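To start, the structure itself, in structure tokens.
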Amino acid sequence: MSSPGTSMFTNFTKLCKGLALVLVVGHVVVQFIPATVTYLALIPARTIPFAWNLITSGYFELSVHGVVFSTVSLLFMGKFLEPVWGSKEFLKFIFVVNFLTYLCVFVTAIALYYITRLEIYLYMPFAGFHGVLAGLLVGIKQIIPDQEVLLLKIKAKWLPSIMLVLSIASSFFTVNSAAYLPTLIFGTYMGWLYLRYFQRRPETKLRGDPSDDFAFSTIFPEFLRPIIDPIASIFHRMLCGRSNATSEAHGYSTSGYSTSGAPLPGSDSAEASRRRERGARALEERLATERLVPPRNKDELQSDALDSV
């Protein structure tokens, strides 16, 4: 019978192991062939014509501690998210969030150059998986918001805000904060944006999570929400105005109700509650399996439990 301490560091998914290997290999390549940074990292002045660095920049780390932190975080968060989302959706989330994050970083760097005329914003290399990790924290908040994180004893719903506060605070004491802070901020927002509006839900054939419990302001403490809500509503109208008009033209509104007042399937807080219950149930079954099932049968029973989610 395997001990909980041992099983906590095992049973990582094959997809996450593969992605972790990509991060490690990318770091090794950069260390042995430093010139590859010019072609793989996001350097705003060279993004045109090297546009592929909007994608490649997220899949390698420039430092040893960066690659260690990214691989470990990916493996552990993937254990919770991939069984609930599915491997295809998990991989799609990583690709989309990574691309959108570095696209926003590129636009921000160009804007800062024109405002300040400092060439450092044009030639600073941006790279790392931490933007995707910030987005995955939002996914953890979505599926198991009230679950306490092991050792930290902090509810999962506060992880994104704690990460942002610590990152912003540390930026005042570090020299290269511009290399990672925009990536973390945009990664958090793009992760939420994808889950809020675009993630496909096979059980309802709808997209996104329109529940009030997953509004952008819920990432932050309650005293900040009156400030964040008006700003978030502006971006909502900018990004979703056309889709809102189309939905209302077909008899639906973005509030989660039809124009006749009937609630839409999967769009109210009940659907959000069911999603959280599935996430919590998957977590509980995984932990129970790791504690009680002998090693030779663990993989088989765990697969059955996750298939039933």
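Data table
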read-out	value
Estimated FRET transfer efficiency (Tyr39, Leu152; beta-carbon r; R0 45 Å; 0.05)	0.70
Order of exposure, largest accessible area first, which applies to Glu82, Glu222, Glu119 with probe 1.4 Å	Glu222, Glu119, Glu82
Solvent-accessible surface (1.4 angstrom probe) belonging to Leu152, in square angstrom, nearest 10	110 Å²
Stretchable slack from Thr116 to Phe99, in nm (0.36 nm times residue separation minus alpha-carbon distance)	3.5 nm
Accessible-area value, Leu91, 1.4 Å probe, nucleic acids and ligands omitted, Å²	80 Å²
Inter-label distance for Tyr197 and Leu224, nm, one decimal - labels placed 7 Å from Cα along Cα-to-Cβ	2.2 nm
Which of Trp85, Trp158, Trp52 is most accessible, then next, and so on - probe 1.4 Å	Trp52, Trp158, Trp85
Sequence of Ile48, Ile231, Ile110 from largest to smallest accessible area, 1.4 Å probe	Ile48, Ile231, Ile110
Relative contact order of the stretch 71-136, pairs being alpha-carbon contacts under 8 Å that are 6 or more residues apart, as %	36 percent
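The values are calculated or read from the model by the stated rules, or taken from the named source; none is laboratory data. Nothing here was measured: the structure is a model prediction, and the numbers come from that model. We place every Cβ from the backbone using ideal geometry, glycine too, and count neighbours over all the protein chains shown. The accessibility values were calculated without ligands, DNA or RNA, using every heavy atom of the protein model including side chains. Shrake-Rupley method; radii C 1.70, N 1.55, O 1.52, S 1.80 Å.
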